[in-house]
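Visitor: First the structure, then my questions, so here it is.
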Amino acid sequence: AVMLCTAQWTVREARTLGATLRQTGERRSDLYGGFADYKGTPRTAWLETQIASGRYPALYFVDGNARPDYFKQTAAERFTEWALYAVSLCLPYRNDLSNRFFDAWLTGQIPVVTPDIPELDEPWAQPHRDRHFVCATGYEPEAIDAAHARALELFRAGGVEGVMTRHTLALEEHMLHHRIARIARLIQEAS
């Protein structure tokens, strides 16, 4: 399997918009995230409970009718929305590392992840753990809260340079063309 990547911004857009990250100022501390509503899945059930509790006011569902509206926004509007927040939540659908992780990096955020994402145990991720992403110990709100608090500490400690480091990581290693090149190498090796 090949990991997902950020794909909602082109490399050109990412470079241009990334240049604005130094001027974004103070970011919101709420745990941010918009999620597809995969009805009947454990992820959706967990999100429904957390959203209904009011504990995480910046988490929301992007339903089938709203999803196209998000992509009617310009690339700059979408990027600016992400860049309003310091930390976002990245939940797996089926133990996968979602696009959200790399979108978070591209916009300078620190993602909070859950412990059931095997790709984050691979060597590429180890130098970034507890630096550019934080893994919660579980799905309990207390575990998510602790990871969120740690991510906020890391974000503040890293400042603008941390934002730019995460942006550069995504831009130089986790864009769509990087994954296409990886797929091409795998096909070539298999043949």
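The values are calculated or read from the model by the stated rules, or taken from the named source; none is laboratory data. Small disclaimer: the values here were computed from a predicted structure and weren't measured. Using ideal geometry, Cβ is built from the backbone for each residue, glycine included, and neighbour counts are taken over all protein chains shown. With ligands, DNA and RNA removed, areas are computed over all heavy atoms of the protein, side chains included. Shrake-Rupley method; radii C 1.70, N 1.55, O 1.52, S 1.80 Å.
Visitor: Using amide H atoms built in the peptide plane, which far-off residues or other-chain residues are under 5 Å from ALA125 H to H?
Guide: Those qualifying (amide H under 5 Å, at least 5 residues apart or on another chain) number zero.
Visitor: Moving to a separate point now. Just how much of ARG22 is accessible, in Å², when a 1.4 Å probe is used and the result is rounded to the nearest 10?
Guide: Per-residue accessible area (ARG22): approximately 120 Å².
Visitor: If you don't mind, another one. Quick query: amide H of VAL62 versus all other amide H atoms, modeled in the peptide plane; which residues come in under 5 Å with a sequence gap of 5 or more or a different chain?
Guide: PHE35, ALA36, ASP37
Visitor: If you roll a 1.4 angstrom probe over the protein chains with everything in place, what fraction of the accessible area of the chain belongs to carbon and sulfur, to the nearest %?
Guide: In the chain, the share of accessible area belonging to carbon and sulfur is 55 percent.
Visitor: Quick one: grab the alpha carbon gyration tensor of the chain, order the square roots of its eigenvalues as a ≥ b ≥ c, and give me rounded if a/c is under 1.5, else prolate or oblate depending on whether a/b is larger than b/c.
Guide: The shape class here is rounded.
Visitor: What is the distance, in nm, between label points placed 7 Å from the Cα along the Cα-to-Cβ direction at THR16 and at GLU77?
Guide: Once both label points are built, they end up 1.6 nm from each other.
Visitor: Take the alpha carbon gyration tensor of segment 1-65, find the square roots of its eigenvalues, order them as a ≥ b ≥ c, and report rounded if a/c is under 1.5; if not, report prolate when a/b exceeds b/c, else oblate.
Guide: Oblate shape, in that a/c is at least 1.5 and b/c is the bigger or equal ratio.
Visitor: Okay, moving on. Classify segment 108-185 as rounded, prolate or oblate from the Cα gyration tensor: take a ≥ b ≥ c as the square roots of its eigenvalues, call it rounded if a/c is under 1.5, otherwise prolate when a/b beats b/c and oblate if not. Show your work: numbers first, answer last.
Guide: Details: a/c = 2.77, a/b = 1.40, b/c = 1.99.
It comes out oblate by the Cα gyration axes.
Visitor: May I ask you to derive the FRET efficiency for GLU161 and SER191 from their Cβ-Cβ distance with R0 = 45 Å, giving the value to the nearest 0.05? Provide the component values of the computation, followed by the final result.
Guide: Numbers: r = 43 Å, r/R0 = 0.96.
So the FRET efficiency works out to roughly 0.55.
Visitor: As a test question: what accessible area, to the nearest 10 Å², does TYR93 have when a 1.4 Å probe is rolled over all protein chains in place?
Guide: The accessible area of TYR93 comes to roughly 90 Å².
Visitor: Convert each backbone phi in segment 93-98 into a coupling constant with the Karplus relation 6.51 cos²θ - 1.76 cosθ + 1.60 (shift: θ = phi - 60°), then list the ³J(HN,Hα) values in order as whole Hz, x for Gly and Pro.
Guide: Along segment 93-98, the couplings run 7, 9, 6, 9, 8, 7 Hz.
Visitor: Averaged per residue, what accessible area in Å² does segment 58-189 show with a 1.4 Å probe, protein chains only?
Guide: In whole numbers, segment 58-189 has 47 Å² accessible per residue.
Visitor: Can I ask one more? Using label points projected 7 Å from each Cα along Cα→Cβ, tell me how many nm separate TRP46 and GLU119, to one decimal.
Guide: Distance between the two pseudo-spin positions: 1.6 nm.
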